[in-house]
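The values are calculated or read from the model by the stated rules, or taken from the named source; none is laboratory data. It should be emphasised that the depicted structure is a prediction, and the values quoted were computed from it without experimental measurement. Here the Cβ positions follow ideal geometry from the backbone for every residue, glycine too, while neighbour counts run over all protein chains shown. The area values use the complete protein model at the heavy-atom level, side chains included, leaving out ligands, DNA and RNA. Shrake-Rupley method; radii C 1.70, N 1.55, O 1.52, S 1.80 Å.
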Amino acid sequence: MSAPGKPPLDPSALQLPPFSLDVEALDLGPDVKAVGLELLGTESREPVRGKDASVIWAAAFPALAANEFFVVDFFSHLQRVREFCKLHEIHYREAAERCLVLPQPSETQLDELFQRFEGETFGIRAGGPVQGGDAELEKELSRRGLDAYQPAYGRYTFCGICEPEDGWATLLSETLWPTEVIRRIRPAVQKIDVYIARPH
């Protein structure tokens with residue numbers, strides 16, 4: 001019941017969107033520039049998974065790449081990735097013994113990939129030498145997994161490490177700091193009703 005003389009509070013005035021994307025600089029050591037993106041339920045503060053998450057991630061990554069070419073890197077469970085790509089007509093190339101590269105998947109294809117491989121860790125690279133192929137990095141991805149990004153990310157706009165099951169992505173980038181990440185992704189995710197926050 002509201003106090004006398006005061007109008008009742010409009011509940012929608014305080015209602016935040018159901019999903020929150022927290023964007024913050026990460027301290028991964030003195031020589032590494034990184035930004036963390038954490039996708040959480042606004043009220044529960046639990047990682048967002050499933051279709052809700054895949055739609056958000058699929059909108060965010062092309063927006064982060066802006067007008068630059070990007071690829072998705074897989075380095076484990078490759079037979080499952082091949083079969084999925086063939087079934088969904090997603091182009092890929094065999095980049096190294098244990099590295100599949102998916103060039104510029106559409107937002108719909110990214111949505112499908114984030115849903116199907118939610119339990120996997122995979123990478124996304126944008127800009128720099130990505131379009132022409134980077135044999136050196138792709139060989140290292142085959143050998144060392146996403147640890148290969150750390151010495152190489154300076155050649156790219158960003159190298160992203162995606163861990164969808166945990167609601168988490170790490171961007172290694174010399175040029176994208178949290179405010180620029182937010183500026184790029186805000187228009188893409190606002191239509192999905194996502195609140196973007198800088199927690200610290």
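Data for the structure
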item	result
In Å², nearest 10: area of residue 168 left accessible to a 1.4 Å probe	60
For segment 83-172, size of Cβ-based charge dipole, Lys and Arg +1, Asp and Glu -1, in debye	380
Extension gain from residue 15 to residue 31, taking 0.36 nm per residue of separation minus the Cα-Cα distance	1.7 nm
Value of [θ]222 nm, deg cm²/dmol, for the chain, DSSP H segments ≥ 4, -39500 (n - 2.57) each, nearest 500	-9500 deg cm²/dmol
Residue-by-residue Karplus 3J(HN,Hα) for segment 38-45, coefficients 6.51, -1.76, 1.60, Hz, glycine and proline x	10, 9, 10, x, 4, 8, 6, 6
Projected area averaged over orientations for segment 98-143, convex hull of C-alpha atoms, nm²	3.6
Added length on full extension, which subtracts the Cα-Cα distance from 0.36 nm per residue, residue 106 to residue 24	26.9 nm
Listed residues 51, 139 arranged by accessible area, highest first, probe 1.4 Å	139, 51
Among 173, 41, 15 the positive-end extreme of the charge dipole of the chain (Cβ point charges)	15
Rounded to the nearest 20 debye, dipole of the chain from Cβ charges on Lys, Arg, Asp, Glu	280
Acute angle (nearest 10 degrees) that the helix 135-144 long axis makes with the longest principal axis of the chain, alpha-carbon atoms	70
Filtered GluC sites (Glu not before Pro), segment 67-150: DSSP coil and at most 15 other beta carbons within 10 Å	89, 97
Enclosed volume per residue, in Å³, of the convex hull spanned by Cα atoms of segment 35-89	138
√(5λ) per eigenvalue of the Cα gyration tensor, segment 69-118, largest first, Å	15, 13, 10
Neighbour net charge for residue 102 - beta-carbon separation under 14 angstrom, K R +1, D E -1	-3
Cα-based helix-to-principal-axis angle, 107-116 vs the chain, degrees rounded to 10	90
Sum of side-chain charges, residue 51 neighbourhood, beta-carbon under 11 Å (Lys, Arg +1; Asp, Glu -1)	-3
Assigned charges on the beta-carbon of Lys, Arg, Asp, Glu; segment 19-129 dipole about Cα centre (debye)	380
Tail fraction, Cα-Cα pairs, the chain, threshold 25 Å, whole percent	37
List 141, 87, ordered by accessible area with a 1.4 Å probe, largest first	87, 141
Extension gain, residue 91 back to residue 116 (0.36 nm per residue minus Cα-Cα distance, nm)	7.4 nm
Overall Cα dimensions of segment 117-200 - principal axes, largest extent first, Å	39, 28, 25
